[in-house]
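Before I ask anything, here is the structure I am working with.
The values are calculated or read from the model by the stated rules, or taken from the named source; none is laboratory data. Bear in mind the structure is a predicted one, so any value in this text is a computation, not a measurement. Neighbour counts are summed over all protein chains in view; Cβ atoms, including those assigned to glycine, are modelled from backbone coordinates with ideal geometry.
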Amino acid sequence: MQKLIEFIQDIYKTKEFLPLHEPKFIGNEKKYLNDCIDSTFVSSVGKYVDKFEKEFASYVGSKYAIATVNGTSALHISLLLADVKAEDEVITQPLTFIATCNAISYIGAKPVFVDVDLDTMGLSPKFLQEFLEKNCELVDNHCINKTTNKIIKACVPMHTFGHPCRIDEIKDICDKWHISLVEDAAESLGSYYKGKHTGTFGKLGAFSFNGNKIITSGGGGVIVTDDEKLAQRAKHLTTTAKVPHPYEYRHDEIGYNYRMPNINAALLVAQLEQVDKFLENKRDLASKYEEFFNANSEIKFVKEPQNSKSNYWLQAVILKDIASRNKFLDYTNKQGVMTRPIWKLMNELEMFKDCQCVNLENAKYLEDRVVNISSGVRI
């Protein structure tokens, strides 16, 4: 493992502490921030919010983008727009960041966990189809879970570490079963599946701009959709459902204070100008890691799946067993090179331990073995 430490220190040209992933501000960030401050429009109204929404939609190939305060709020609103209600069920993967299940829970809906594929680490269309055929039936164009008698209203696959899952197959299955597809694309800006950007396969997609993402505004998120009515409703719900008026405060439903402030959007406009450079840098890092780990039979480097172009947001390796994983984590972190394990499975958390799930063998295998290693842009 010492060779790995020396290799990482060499490619990052430092022997100082190496965080897992840190933001880079190398463009117009300070210029746009100063412009925003000088304008005094630092809250949820301003030119940078509009500019970012337009440019982000163009970048990913969607018709509309609605900026939000973070990725969780983007996913929460997306699920509401997909007509998920309290007591409904939402299929997702157990191997994901907690935000996926939190957003489902905010509505009062309940997650149902289906296993992942080993190569994508994302929701498996094969296991999704098997679950639906065994446990569900279509009644009046609703997918009914025969075990719980609840409606399965939506499906939320997540593109793990920016590696696309087999999203086209998942979409076909969801369409067949009258389930709304909402993509959790929080980690996959710059990732493509069969030439199409992640987050744009379903009715709605949600992205995150947390401080550790490829581009960041400190926080921040965005909803993307091709449906004009959904886009308008997303903007309405995220601005406290305020009815437009020059000076009166009237609200026509329960809304949310989820709009992204202009000062955060100013950061994102500058960051988006650098995104292609960041992505190229990260793919170069991935190729270096792949070459290094090819010489190690006990550690497998996670490469982009077939038919995909991954952003390699977080570089990942798979150890041979949990003991090897723990030894790897302990040694690297003691040497000042930050590494971390993949998330604990959602169905193992206290809040979700009673949620329905079937055989989660692949997710458990990955939980015990996957480690993230230094992934920051090297500039």
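For the stretch 167-206: of the residues being crowded, with 21+ Cβ neighbours inside 10 Å and among the charged types (D, E, K, R), which is nearest to D276 (Cα to Cα)?
In this case the residue turns out to be E187.
If N212 meets every condition in (1) surrounded by fewer than 19 Cβ atoms within 10 Å (Cβ to Cβ); (2) out of contact with any Pro (no Cβ under 8 Å at 6 or more places or on another chain); (3) assigned to a loop (DSSP other than H, G, I, E, B); (4) polar (S, T, N, Q) apart from one, which number is that one?
(2)
Could you pull out the residue among T198, T238, T225 that is touching an Asp or Glu at 6+ places or on another chain (Cβ under 7 Å) and β-branched (V, I, T)? Break it down stepwise before answering.
Working: T238 fails: touching an Asp or Glu at 6+ places or on another chain (Cβ under 7 Å); T225 fails: touching an Asp or Glu at 6+ places or on another chain (Cβ under 7 Å).
Only one candidate qualifies: T198.
In the stretch 1-36, how many residues are within 30 Å of A265 (Cβ to Cβ) and assigned to a loop (DSSP other than H, G, I, E, B)?
10
Going through the stretch 297-313 one residue at a time, which ones are closer than 13 Å to G190 by Cβ and assigned to a loop (DSSP other than H, G, I, E, B)?
Pass one, the stretch 297-313, residues closer than 13 Å to G190 by Cβ: 304, 308-313.
Once the filter is applied, which keeps residues that are closer than 13 Å to G190 by Cβ and assigned to a loop (DSSP other than H, G, I, E, B), the stretch 297-313 yields E304, S310, N311, Y312, W313.
In the stretch 278-301, is there at least one residue being surrounded by 19 or more Cβ atoms within 10 Å (Cβ to Cβ) and closer than 30 Å to A109 by Cβ?
Checked against the condition, which is being surrounded by 19 or more Cβ atoms within 10 Å (Cβ to Cβ) and closer than 30 Å to A109 by Cβ, the stretch 278-301 yields no hits at all.
Go through the stretch 49-106 and report how many residues are aromatic (F, W, Y), more than 24 Å from N262 (Cβ to Cβ) and either without any contact (Cβ under 8 Å) to a residue 60 or more places away in the chain or buried (at least 21 other Cβ atoms within 10 Å of the Cβ) (or both).
So in the stretch 49-106, the residues aromatic (F, W, Y) come out as 52, 56, 59, 64, 97, 106.
Remaining after also requiring more than 24 Å from N262 (Cβ to Cβ): 97, 106.
Subset that is either without any contact (Cβ under 8 Å) to a residue 60 or more places away in the chain or buried (at least 21 other Cβ atoms within 10 Å of the Cβ) (or both): 106.
So the count comes out to 1.
Here is a follow-up. Of the numbered conditions (1) out of contact with any helix residue (DSSP H, G or I) (no Cβ under 9 Å at 6 or more places or on another chain); (2) at pLDDT below 95, E298 satisfies every one except a single condition; which is it?
Of (1) out of contact with any helix residue (DSSP H, G or I) (no Cβ under 9 Å at 6 or more places or on another chain); (2) at pLDDT below 95, only one is false for E298: (1).
Search the stretch 1-36 for residues being under 29 Å from the mean Cα position of the chain (by Cα) and charged (D, E, K, R), and hand back the single one that is nearest to E290 (Cα to Cα).
Among residues in the stretch 1-36 that are under 29 Å from the mean Cα position of the chain (by Cα) and charged (D, E, K, R), the one nearest to E290 (Cα to Cα) is E22.
Considering only residues that are of a type in the set (G, A, S) and at positive phi, which ones fall in the stretch 190-240?
Initially, the stretch 190-240 is screened for residues of a type in the set (G, A, S), giving 190-191, 195, 199, 202, 205-206, 208, 211, 217-221, 231, 234.
Those that are of a type in the set (G, A, S) and at positive phi: G190, G195, G199, G218, G220.
To continue, here is another question. Give the stretch 300-325 a look and list any residue that's without any contact (Cβ under 8 Å) to a residue 40 or more places away in the chain and either in contact with a Leu (Cβ under 9 Å, 6 or more places away or on another chain) or closer than 25 Å to F113 by Cβ (or both), or say none.
K300
Hey, could you check the stretch 178-209 for residues that are among the β-branched types (V, I, T) and in a loop (DSSP other than H, G, I, E, B) and say which is farthest from Y258 (Cα to Cα)? Working first, answer last.
Keep residues of the stretch 178-209 that are among the β-branched types (V, I, T), which gives 179, 182, 198, 200.
Those left that are additionally in a loop (DSSP other than H, G, I, E, B): 179, 198, 200.
Details: I179: 26, T198: 23, T200: 21 Å.
Residue satisfying both the conditions and the ranking: I179.
Could I ask something else about it? Please work out which one of (1) among the aliphatic types (A, V, I, L, M); (2) over 26 Å from N102 (Cα atoms); (3) touching a residue at least 60 places away in the same chain (Cβ under 8 Å) is the condition V243 fails and give its number.
(3)
For the stretch 37-60, give me the residue count where each residue is within 17 Å of the chain's Cα centre (by Cα), more than 14 Å from E183 (Cα to Cα) and either of a type in the set (V, I, T) or outside any helix (DSSP H, G or I) (or both).
Residues of the stretch 37-60 that are within 17 Å of the chain's Cα centre (by Cα), as a first pass: 56-57, 59-60.
After this cut, where a residue has to be more than 14 Å from E183 (Cα to Cα) as well, the list is 56-57, 59.
Pick out the ones that are also either of a type in the set (V, I, T) or outside any helix (DSSP H, G or I) (or both) and you get none.
Adding up the residues that qualify gives 0.
Something else now. Give the residues of the stretch 215-227 that are surrounded by fewer than 24 Cβ atoms within 10 Å (Cβ to Cβ) and either in a strand (DSSP E or B) or polar (S, T, N, Q) (or both), sorted by residue number.
T216, G219
Now for a separate question. Within the stretch 349-364, restricting attention to residues that are exposed (fewer than 14 other Cβ atoms within 10 Å of the Cβ) and touching a residue at least 12 places away in the same chain (Cβ under 8 Å), which residue is nearest to the chain's Cα centre (by Cα)?
To start, the set of residues in the stretch 349-364 that are exposed (fewer than 14 other Cβ atoms within 10 Å of the Cβ) comprises 350-351, 353-354, 359, 361.
Those still in the list that are touching a residue at least 12 places away in the same chain (Cβ under 8 Å) too: 351, 359, 361.
Working: M351: 21, N359: 24, E361: 22 Å.
Result: M351.
Quick check on L268: is it among the aliphatic types (A, V, I, L, M), part of a helix (DSSP H, G or I) and either exposed (fewer than 10 other Cβ atoms within 10 Å of the Cβ) or out of contact with any strand residue (DSSP E or B) (no Cβ under 9 Å at 6 or more places or on another chain) (or both)?
Details: among the aliphatic types (A, V, I, L, M): yes; part of a helix (DSSP H, G or I): yes; either exposed (fewer than 10 other Cβ atoms within 10 Å of the Cβ) or out of contact with any strand residue (DSSP E or B) (no Cβ under 9 Å at 6 or more places or on another chain) (or both): no.
When the stated conditions are applied, L268 does not pass them.
How many residues are assigned to a loop (DSSP other than H, G, I, E, B), under 26 Å from Y192 (Cα atoms) and either among the basic types (K, R) or out of contact with any strand residue (DSSP E or B) (no Cβ under 6 Å at 6 or more places or on another chain) (or both) when one looks only at the stretch 314-345?
3
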